[in-house]
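Following: one structure in structure tokens, then a few remarks.
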Amino acid sequence: MKTAARSDEQAIATNRKALHDYEILERFEAGLVLRGTEVKSIREGGFNFRDGWVEPRNGEMFLAGVRIGPYSHGNLMNHAEDRARKLLLHRNQIDKLAGRVAEKGCTLVPLRAYFKGGRVKVEVGLARGKKSHDKRAALRQKDLDRETRQAMNRRR
């Protein structure tokens, strides 16, 4: 999958902390089962990835720890903010991911959320935790790339 968003996708949120803390091995696109006013709240910017994770339960995948704030014009029937939301994946993808998560050191993290064709999609990454020296090396490489880009722009 491309790292840049396609033209028919409207970004909602990106989990930058996950990209810093984990080495992403594979990426999967999943639909998200939502209730009531959740989509309206997401359109208002009420989506927060902080401390979110994906967990397999009874042959299904659930997005947990993700907060969708209450809808501002909602009433008593507003949705619960911190509930686990079901992810829509193909059976073979669920089986593959559940097997890989059972392996030592692999986990599933939500990477970004976006609208695609009017529906909310979540990009889920199969990830392995980075060591602190890997994080430092990644930051060093990022600084070098930025400096070379700036030098090239100054030369133009």
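The values are calculated or read from the model by the stated rules, or taken from the named source; none is laboratory data. On a predicted model such as this, the values are computed, not experimentally measured, just so you know. Cβ atoms come from the backbone with ideal geometry, glycine included; neighbour counts cover every protein chain shown.
Determine if the stretch 91-109 includes at least one residue that is over 19 Å from residue 59 (Cβ atoms) and at pLDDT 90 or above. Checking the stretch 91-109: at least one residue is over 19 Å from residue 59 (Cβ atoms) and at pLDDT 90 or above.
Summed over the stretch 86-118, residues that are loosely packed, with under 15 Cβ neighbours inside 10 Å and not basic (Lys, Arg) total 9. Restricted to the stretch 63-85, and to residues that are among the hydrophobic types (A, V, I, L, M, F, W, C) and surrounded by fewer than 18 Cβ atoms within 10 Å (Cβ to Cβ), which residue is nearest to residue 108 (Cα to Cα)? So the residue we want is 64. Can you find, within the stretch 48-60, the residue that is surrounded by the fewest Cβ atoms within 10 Å (Cβ to Cβ) among those that are modelled with pLDDT of 90 or more and either among the hydrophobic types (A, V, I, L, M, F, W, C) or over 16 Å from residue 84 (Cα atoms) (or both)? Here the answer is 53. Checked against the criterion of being out of contact with any Leu (no Cβ under 6 Å at 6 or more places or on another chain), touching a residue at least 12 places away in the same chain (Cβ under 8 Å), over 18 Å from residue 23 (Cβ atoms) and not basic (Lys, Arg), the stretch 116-135 contains one or more residues that satisfy it. The conditions of being under 19 Å from residue 43 (Cα atoms) and surrounded by fewer than 15 Cβ atoms within 10 Å (Cβ to Cβ) are not met by residue 121.
Only a single criterion out of (1) in a strand (DSSP E or B); (2) under 21 Å from residue 21 (Cα atoms) is not satisfied by residue 104, namely (1).
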